[in-house]
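Inspection log for the structure reproduced underneath, given as structure tokens.
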Amino acid sequence: MIHNRPWLSFLTHSILILGILILVFPIYVTFVASTRSVDSILASPMPLWPGMELVKNYLAALAGPSKSVGVSVGQMMLNSLIMALGIALGKITISLMAAYAFVYFNFRFRNLFFWMIFVTLMLPVEVRILPTYEVVAKLGMLNTHVGLILPLIASATATFLFRQFFMTIPNELCEAARVDGAGPYRFFIDILVPMSRTSIAALFVILFIYGWNQYLWPLLITTDEGYYTMLIGIKRMLDVGEGQIEWNLVMASTILAIIPPVFVVVYMQNLFVKGLTETEK
Amino acid sequence: MSTASLEGIKKSFGDVQVLHGIDCKIQEGEFIVILGPSGCGKSTLLRLIAGLEKITVGTIKIDDREVNNLEPAERDIAMVFQTYALYPHMSIFNNMAYGLKIRKMSKEEIKKRVYNAAEILELTPLLKRKPKELSGGQRQRVAMGRCIVREPKLFLFDEPLSNLDAKLRVQMRLEIRKLHQRLNITSVYVTHDQVEAMTLADRLIVMDKGFTAQIGSPLDVYERPANTFVAGFIGSPAMNFMDAKLENNGRSIRISEKEYLELPGKGLPEHIDNKVRAGIRPEHFVICDAKEAQIKLKTDVVEKLGADTLVHGFTLENNIAMTVSLDGIQHFDADTILSFRIQPDKIHIFESESGKRLN
Ligand SMILES: Nc1ncnc2c1ncn2[C@@H]1O[C@H](COP(=O)(O)OP(=O)(O)O)[C@@H](O)[C@H]1O
Ligand SMILES: [Mg+2]
């Protein structure tokens, strides 16, 4: 289906460019707003070219506690980063090990357990959030990083993905490792994990963004502003009641909030695409 | 160099018994080939020796040490798998070195052994590559290299050549033979290809449905097959069989009203009452004048293969299908009547019921 017609290629490119403009425009406006003072943002119409206060706004956001939140964006970014990394790495570790158990070990009720995990975790966070809250509260993990991460690191999807991948690995490979003297632990570390590295990279990207964008859970369990994540913080900056919203700082924070996921995607893009399209065998 | 022995090996998967009692003593430096049709339990037997499956009944010894309950790694064996089973993410060097690293061998020793094996197998320039950058034959050699570096007591092969194309198979077959002559490691080799089996084996174990049909040297198995299964399985094209009756005090067999074949020496007087089957290999028919004919065939299809000619036809008397192999290129039309003689000592006599060899 490759047609080499000039007008067709012109049309397709136009549509693509239009699509990109539609996608990028709000981000551009956000960026412009983050470089201006509150007054010039609120002017009508809002100017569409960058202003002069970029450095000042970003420094203010990163360093000082804002009027409405009481904690710096820097701290919130750190919290978000810890949470996203914790969730991504935790999910990957746990699901790798779970999939390993399901594929390579024979134990009683193996299938029952697998389907139980599969079914329960297909329910989204929101559905099981009250009991989860109860548990985390009883464990005294409200307002901790562990509390932010732990309930979210079991992953049926990732377990399923790794299970399917492991099942495509020929059994003879496992047997060759046994003949070579690799026990279950070494086989996992030396052979299975490196062979899954493209899938791991792809999952890492997806899960990092998933963790970064968590809203409801951190909202519930963090009352101490020191544990606010980016999303919570930005939302709080907007809830100022009577006062003036610091739009310039909100916008600077928003841009800052976009950077880590974008960085992860761009940096891991190669591995990511490979992981989604090819399996190494 | 090591010996190994299999004593009354039985194996069941659940209710299904796959091996029904295999016995064999393997000598030092011997090259044993396990041969049999697909599904007869060859791989299962090899995997029992390797320790990849548990034995149901019986004992396996390597160098007089019982290994029944040892892990594969503790048995001092090495195995070449049908799909090679190389680690895809490791370089060739690491593929060969992995087993040694696990054994905590020193870096210098590992290097020495890997380079030595690579030298023997002509893999030295490839050591830095990954398995997927290698051809089938090269991967095959890496799989053997991985075994050689271990200096195992027992070398196991499971159909190692079946994934290669025909030409490479012949070449690798020769290389395996040379390698064995050079290193002299006791080996057990599984195949369903009889040419591989005949050329590689010091001794053959021919298997049929989980039983040993015969154990013997390739020539033994070819010249004196122990039963109709071995007789039909070994040799290509396959042996011709016909029902026959012993007569003349066991000195000859009657194969039709007008035709009989003489047996060598005193014949088989003690089996005079048995129903028997006679077997004659296609290459043992000798063409002759009509006057001297022992068997006459009406030709059907003639295949000229160059080195020899295969004549497919039917016996004139009772219409049994026969295949005859004649040297060189011969021209016959369909429906020609051909006359043959058979040397008495080339006739195989089997009991009808059990299929056991009688002569
Ligand atoms: N793990 C297993 N579970 C159940 N049956 C098996 C298993 N492995 C092999 N078999 C059965 O054992 C028989 C012999 O298999 P195998 O040894 O692989 O045959 P071969 O290598 O001679 O072709 C086959 O009928 C096969 O279905
Ligand atoms: Mg097999």
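Points worth noting:
- Listed by position, the strands (runs of 3 or more DSSP E) contained in the range B:172-272 that have at least 3 residues being modelled with pLDDT of 95 or more and open to solvent by less than 10 Å² (accessible area, probe 1.4 Å) are B:187-191, B:203-208.
- Filter pass, residue B:25 being more than 14 Å from every other protein chain (Cβ to nearest Cβ), part of a helix (DSSP H, G or I) and away from ligand 2 (no atom under 16 Å from the Cβ): no
- Among residues of the range A:109-124 that are within 23 Å of residue A:215 (Cα to Cα), those with a beta-carbon under 8 Å from a residue that is open to solvent by 90 Å² or more (accessible area, probe 1.4 Å) at least six positions away or on a different chain give the pairs A:121/A:157.
- Members of the range B:186-197 that are more than 14 Å from every other protein chain (Cβ to nearest Cβ), within 16 Å of ligand 1 (Cβ to nearest atom) and of a type in the set (A, V, I, L, M): B:197
- Condition met for residue A:30 (under 29 Å from residue A:205 (Cβ atoms) and more than 18 Å from the chain's Cα centre (by Cα)): yes
- Count of residues meeting criterion [open to solvent by less than 70 Å² (accessible area, probe 1.4 Å) and either in a strand (DSSP E or B) or hydrophobic (A, V, I, L, M, F, W, C) (or both)] in the range B:301-317: 8
- Checklist (1) part of a helix (DSSP H, G or I); (2) surrounded by 19 or more Cβ atoms within 10 Å (Cβ to Cβ); (3) within 13 Å of chain B (Cβ to nearest Cβ) applied to residue A:237, failing item: (3)
- Of all residues making up the range B:86-99, the number that are at the interface with chain A (Cβ under 9 Å from one of its Cβ atoms) and either aliphatic (A, V, I, L, M) or in contact with a His (Cβ under 9 Å, 6 or more places away or on another chain) (or both): 2
Results for (1) at pLDDT 90 or above; (2) surrounded by 11 or more Cβ atoms within 10 Å (Cβ to Cβ), shown as yes or no for each residue.
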residue	(1), (2)
A:13	yes, no
A:22	yes, no
A:26	yes, no
A:31	yes, yes
A:37	no, yes
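- Test: residue in the range A:149-165 that is within 27 Å of residue B:43 (Cα to Cα), within 14 Å of chain B (Cβ to nearest Cβ) and surrounded by 15 or more Cβ atoms within 10 Å (Cβ to Cβ): yes
- So residue A:109, is it open to solvent by 30 Å² or more (accessible area, probe 1.4 Å), more than 29 Å from residue A:231 (Cβ to Cβ) and not aliphatic (A, V, I, L, M): yes
- Meets criteria (under 22 Å from residue B:180 (Cβ atoms), more than 23 Å from the chain's Cα centre (by Cα) and not acidic (Asp, Glu)) for residue B:110: no
- Contacts under 9 angstrom Cβ, first residue in the range B:98-123 being in contact (Cβ under 8 Å) with a residue 40 or more places away in the chain, partner aromatic (Phe, Trp, Tyr), 6 or more apart: B:98/B:87
- Checking each residue in the range A:169-198 for being more than 9 Å from chain B (Cβ to nearest Cβ), open to solvent by 20 Å² or more (accessible area, probe 1.4 Å) and either under 15 Å from residue B:156 (Cβ atoms) or in contact with a helix residue (DSSP H, G or I) (Cβ under 7 Å, 6 or more places away or on another chain) (or both) picks out A:188, A:193.
- Residue match in the range B:74-81 (condition: within 26 Å of residue B:216 (Cβ to Cβ) and more than 14 Å from ligand 1 (Cβ to nearest atom)): yes
- Some residue of the range A:123-132 being open to solvent by 60 Å² or more (accessible area, probe 1.4 Å) and within 13 Å of residue A:221 (Cα to Cα): yes
- Where a residue in the range B:56-85 is more than 8 Å from every other protein chain (Cβ to nearest Cβ) and its partner, wherever it lies, is within 16 Å of ligand 2 (Cβ to nearest atom) and of a type in the set (Lys, Arg), with Cβ under 6 Å and at least six apart: B:56/B:11
- Failed criterion for residue B:308 (all others in (1) closer than 28 Å to residue B:226 by Cβ; (2) out of contact with any helix residue (DSSP H, G or I) (no Cβ under 9 Å at 6 or more places or on another chain); (3) without any contact (Cβ under 8 Å) to a residue 40 or more places away in the chain hold): (2)
- If you go through the range B:4-46 and keep only what is more than 13 Å from residue B:205 (Cα to Cα), open to solvent by 40 Å² or more (accessible area, probe 1.4 Å) and either away from ligand 1 (no atom under 12 Å from the Cβ) or free of Cβ contacts under 8 Å to residues at least 60 places away in the same chain (or both), you end up with B:7, B:10, B:13, B:14, B:15, B:16, B:27, B:28, B:39.
- Residue in the range B:293-300 that is at pLDDT 90 or above, open to solvent by less than 50 Å² (accessible area, probe 1.4 Å) and over 15 Å from residue B:340 (Cβ atoms) present: no
- Exactly one residue among B:123, B:168, B:183, B:161 is within 16 Å of ligand 1 (Cβ to nearest atom), more than 14 Å from every other protein chain (Cβ to nearest Cβ) and either hydroxyl-bearing (Ser, Thr, Tyr) or out of contact with any Leu (no Cβ under 6 Å at 6 or more places or on another chain) (or both), and that residue is B:161.
The values are calculated or read from the model by the stated rules, or taken from the named source; none is laboratory data. All values derive from a computational prediction rather than experimental measurement. A quick note on method: Cβ atoms are made from the backbone with ideal geometry, for glycine too, and the neighbour counts reach across all protein chains shown. Please note that ligands, DNA and RNA were not included when accessible areas were found on the heavy atoms of the full protein model with its side chains. Shrake-Rupley method; radii C 1.70, N 1.55, O 1.52, S 1.80 Å.
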